[in-house]
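A quick write-up on the structure given underneath.
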Amino acid sequence: LANLVQDLSSADSAVKAKAIAEAEKRLHDQAASKEGESRTGVDRTVINTGPPVGAFPCFAFLAGLEKDAKERAQQRQRNELLANALKEKGNEAFRKGDYATAVESYTEGLEKLKDKQELYTNRAQARLKLQQYEEAIGDCEWALKCNEKCPKAYFLMGKAHLALQHYSESRQCYQKMLQTAPQKQSLFKDCMNEVNLEEKRMKAEERAMEEAESGKLPAVTIRELLQRLNRPDQDILYYAGGIRLLAAAVKGCTEQTLFRTNNGFSLLRDNEAVRRSFCAEGRSSAELDLAVSLLWLWQAVCTGNEANQHLLLTDPDVKAELPKLLSSGVAEIQKETLALISLCSENECGRRLLGKHQDLTSWLQVLMGFVCHSDARAGSAMGILSALAAEESCWYGRSQLLYSCSDSVLPLFSSQASAKLVNQAALARCVGIVGSLCAAVGIRVQLAECRECWQACLQLLDQHLSSPPQLQECSFAVLGLMMNLLLESNVVIQGLALDITGRCMALLGHKDGGIVTRATGVLSRVLAAAPGAVEAAVAGGVVKQMGRICKAGGEIPSSYALKTLCICTRSSRQAQEDLVKADKGKVLLKLLDSGNETTVGNAAFCLGQCLAVPGAAKSLLGTNVVMTLLRHAGGDAARTSVQENSAIALGKLCVAEPRHLLQLRKLHGLTILSSSMKHLQSS
């Protein structure tokens, strides 16, 4: 069925026609089968289907209606076939945990058949997983319009109302579920208990917050609060409320110290009920409340306190639970866990503790996964990664990161490039972090040799070429990553050089100057690593583009553009001719007066290459090119390439046009050049 659906949507008319014929055949066979099953006898009555003699015109109209009804019935059968296939596709995505894709498949199915109740309830269930509660309620309402006695719709609507803290509406939904399905009495009781517990928890939390804000907290010490939490055989709500009170009582350094000296960090280890609830995999609403409250408490006692951070991050139970909390899939727990780790990563001590006591290679994968979230979790995760990436003790020298990079980072990075639902700002930061990790040579080499990594970069560039300005920071980050990777040279880069060159050439006309600068930088490195791409770049007009960038000024973009021109003119006669024709050497003369030795050396080299073009030397008559080159050739620049390139260019200039030699002699240039070359040889 999936193949049939795909063929029905094909752009190839022949394939589509064949698929329609196959669908018609299946529908006909199905109808014939049903007809055969229901046939109980043979009716030999002959019915005259033709119009009676002297038939009125209305019979033709009725025949048209009958034909139209038949066609609509056949179309509905085809649509039902497609809708069922899309439902199965969505169910498969849901089972894999890809809820966004599941929503898309169910939506496509509803476009084919708008009154299919199962698609509405399935989409509502997927939207609950994505925390899209209002949309889930809307789907349940549509499902009930299709089938007013659908218990699943009432159940899911009750779940959505509960998540929105609409307790009365949630109870009403569960009661209607029981009315439509009396056999679900056990499920009804569990749902009502969940609503009651959640409402009780919220009221207790509101009361505690009101007391904390009004300063009416009980006049008890930190020690007394901890003693209360060590009472055995209390319910989970008691412990959760006590932990929240303790968190509210921690006002500053004094309370943080009292918490530490009274063994507050042993709470998770000594209280079995707290430990069991905090470490539970499938948490009830009360256990979720306790876990979040304990994370609040740790945030309160660790804020700005390195001693408490040390005790917390070295605790064996905390070390084991933090990665599980990050991967829990529960938004509230993930949010507070990220907040706790974030405050620890703000200082050097916390970052070192995280690097020493946590497996950051697995964290790298988990934290990068938050890029797919549209809420604050994505920003928090990227902030943590950014802080840890900047701490040398966390990453550099860790061989396990290098070995796990291809197993964790690269597949995730590649999948993010093709994901539809990605937080663009977080993705840009994520790409920047990967680029900063490339400062470690081992990581950079491995990433540069990975074809999937390069293809992900190119795919991201393709997606953002036509994006609005606020989404183009990702392109900027990707180009920076590519520049870092191009510090290496390998067969993968050489194989993809044409693709990389083509993307960068397309970006040279971009309105954002930063993107143009980085695209030029990538060109300067990829052409150096893969000379085979030079011809394509020259044919695409790269010389003219680089000349324009050099004219516009700006030290960094000019240096990249000049380096690109050096690479092109060194191996391409066409590039030499294009540069002479477009500029007559004026830009290169301007760059020879730069205060940057690298720029001067590259400008002299490029000029020397262009002097092989007939007429190029003649066009420089009447300029101060001889004096400028002589000054650099006989100068004392730290880079010997400045003197060598200037002397070579001066020699080519005089050979190509003897009138320059006359000026050189007037300036005693031959003596200066001879002395300068002897000095270079001796040094």
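Are any residues in region 473-490 assigned to a loop (DSSP other than H, G, I, E, B) and in contact with a Gly (Cβ under 9 Å, 6 or more places away or on another chain), and if so, which ones?
If the condition is that a residue be assigned to a loop (DSSP other than H, G, I, E, B) and in contact with a Gly (Cβ under 9 Å, 6 or more places away or on another chain), then LEU486 is the only one that fits.
Looking at region 421-465, the helices (runs of 4 or more DSSP H) lying wholly inside it that each contain 1 or more residues that are at pLDDT 80 or above, in contact with a Cys (Cβ under 7 Å, 6 or more places away or on another chain) and open to solvent by 40 Å² or more (accessible area, probe 1.4 Å) sit at 441-448. For residues in region 373-397 being of a type outside the set (Asp, Glu) and part of a loop (DSSP other than H, G, I, E, B), which is modelled with the highest pLDDT? Looking at the filtered set, the residue picked out is HIS373. Taken together, SER571, SER619, SER558 contain a single residue that is open to solvent by less than 40 Å² (accessible area, probe 1.4 Å), among the hydroxyl-bearing types (Ser, Thr, Tyr) and more than 15 Å from ILE648 (Cα to Cα), which is SER558. Out of curiosity, is SER328 touching a helix residue (DSSP H, G or I) at 6+ places or on another chain (Cβ under 9 Å) and crowded, with 21+ Cβ neighbours inside 10 Å? Against the criterion (touching a helix residue (DSSP H, G or I) at 6+ places or on another chain (Cβ under 9 Å) and crowded, with 21+ Cβ neighbours inside 10 Å), SER328 does not qualify. Determine whether ARG260 is over 29 Å from TYR167 (Cβ atoms) and at pLDDT 75 or above. Yes; evaluated as a whole, the condition is true for this residue. Scanning region 509-548 for residues that are over 19 Å from GLN574 (Cα atoms), without any contact (Cβ under 8 Å) to a residue 40 or more places away in the chain and open to solvent by less than 50 Å² (accessible area, probe 1.4 Å) turns up HIS510, GLY514. Test VAL534 against the stated conditions and say whether it is within 42 Å of the chain's Cα centre (by Cα), at pLDDT 90 or above and among the hydrophobic types (A, V, I, L, M, F, W, C). It is true that VAL534 is within 42 Å of the chain's Cα centre (by Cα), at pLDDT 90 or above and among the hydrophobic types (A, V, I, L, M, F, W, C). SER105 is checked against (1) among the small types (Gly, Ala, Ser); (2) open to solvent by less than 30 Å² (accessible area, probe 1.4 Å); (3) out of contact with any helix residue (DSSP H, G or I) (no Cβ under 7 Å at 6 or more places or on another chain) and fails just one. What number does that condition carry? For SER105, the exception is condition (3).
Just so you know, in region 283-313 the residues that are out of contact with any helix residue (DSSP H, G or I) (no Cβ under 6 Å at 6 or more places or on another chain) and not in a helix (DSSP H, G or I) include one that is nearest to VAL250 (Cα to Cα), and it is GLY304. The sole residue among LEU312, LEU294 that is over 30 Å from ALA126 (Cα atoms), aliphatic (A, V, I, L, M) and open to solvent by less than 10 Å² (accessible area, probe 1.4 Å) is LEU312. Close contacts from region 648-669, counting a first residue that is in contact (Cβ under 8 Å) with a residue 12 or more places away in the chain and a second that is open to solvent by 80 Å² or more (accessible area, probe 1.4 Å) and assigned to a helix (DSSP H, G or I), with Cβ to Cβ under 6 Å and a gap of 6+ residues or different chains, come to GLU657/LYS618. Checking each residue in region 239-282 for being over 23 Å from ILE341 (Cβ atoms), assigned to a helix (DSSP H, G or I) and either among the polar types (S, T, N, Q) or over 36 Å from the mean Cα position of the chain (by Cα) (or both) picks out TYR239, GLY241, GLY242, LEU245, ALA249, THR254, LEU258, THR261, ASP270, GLU272, ALA273.
Looking across region 577-589 at every residue that is within 20 Å of SER646 (Cβ to Cβ) and in contact (Cβ under 8 Å) with a residue 40 or more places away in the chain, the one that is surrounded by the most Cβ atoms within 10 Å (Cβ to Cβ) is identified as VAL587. Pairing each residue of region 223-236 that is closer than 19 Å to GLU287 by Cα with any residue that is exposed (fewer than 14 other Cβ atoms within 10 Å of the Cβ), provided the two are 6+ apart or on different chains, yields C-beta distances under 7 Å for ASN230/ASP270. Regarding region 284-294, can at least one residue be identified that is in the same structural domain as TYR238 (by the TED database), in contact with an Asp or Glu (Cβ under 6 Å, 6 or more places away or on another chain) and in contact (Cβ under 8 Å) with a residue 60 or more places away in the chain? Yes, region 284-294 contains a residue that is in the same structural domain as TYR238 (by the TED database), in contact with an Asp or Glu (Cβ under 6 Å, 6 or more places away or on another chain) and in contact (Cβ under 8 Å) with a residue 60 or more places away in the chain.
The values are calculated or read from the model by the stated rules, or taken from the named source; none is laboratory data. All values reported here derive from a predicted model rather than from experimental measurement. We place every Cβ from the backbone using ideal geometry, glycine too, and count neighbours over all the protein chains shown. Note: accessible area is taken over every heavy atom of the protein model, side chains too, but ligands, DNA and RNA are not part of it. Shrake-Rupley method; radii C 1.70, N 1.55, O 1.52, S 1.80 Å.
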